[in-house]
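The values are calculated or read from the model by the stated rules, or taken from the named source; none is laboratory data. It should be emphasised that the depicted structure is a prediction, and the values quoted were computed from it without experimental measurement. As a convention, Cβ positions derive from the backbone with ideal geometry for all residues, glycine included, and neighbour counts pool all protein chains shown.
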């Protein structure tokens, strides 16, 4: 597992969230395809490059909370889904 950092209080590590980036990428790819979006169109909608989407879907990058928010809005899913 690779960590995705969300620490509202740097003195309190209770905000640290662990995410399997490969699993997250697989879920994003599945939802993107279900929405009928190509990587290029999806990238434009979330404000990034097609290369970033490819790396994200392959578990090579850790998205920011802002990215996850844009992804969830574009795919019409709740961001909480990423953390269940």
(request) Of the numbered conditions (1) surrounded by fewer than 18 Cβ atoms within 10 Å (Cβ to Cβ); (2) modelled with pLDDT under 95, residue 82 fails exactly one; give the number of that condition. (result) (1)
(request) Just give me the residues in segment 29-43 being under 10 Å from residue 74 (Cβ atoms) and more than 14 Å from the chain's Cα centre (by Cα), in sequence order. (result) 35, 37, 41
(request) Enumerate the helices (runs of 4 or more DSSP H) found wholly within segment 14-79, keeping only those where 1 or more residues are in contact with a strand residue (DSSP E or B) (Cβ under 9 Å, 6 or more places away or on another chain). (result) 21-34, 65-75
(message) For the structure I just gave you, tell me whether residue 7 is surrounded by fewer than 16 Cβ atoms within 10 Å (Cβ to Cβ), in contact with a helix residue (DSSP H, G or I) (Cβ under 7 Å, 6 or more places away or on another chain) and either outside any helix (DSSP H, G or I) or at pLDDT below 90 (or both).
(response) yes
(request) Looking at (1) modelled with pLDDT of 85 or more; (2) crowded, with 16+ Cβ neighbours inside 10 Å, find the lone condition where residue 19 falls short. (result) (1)
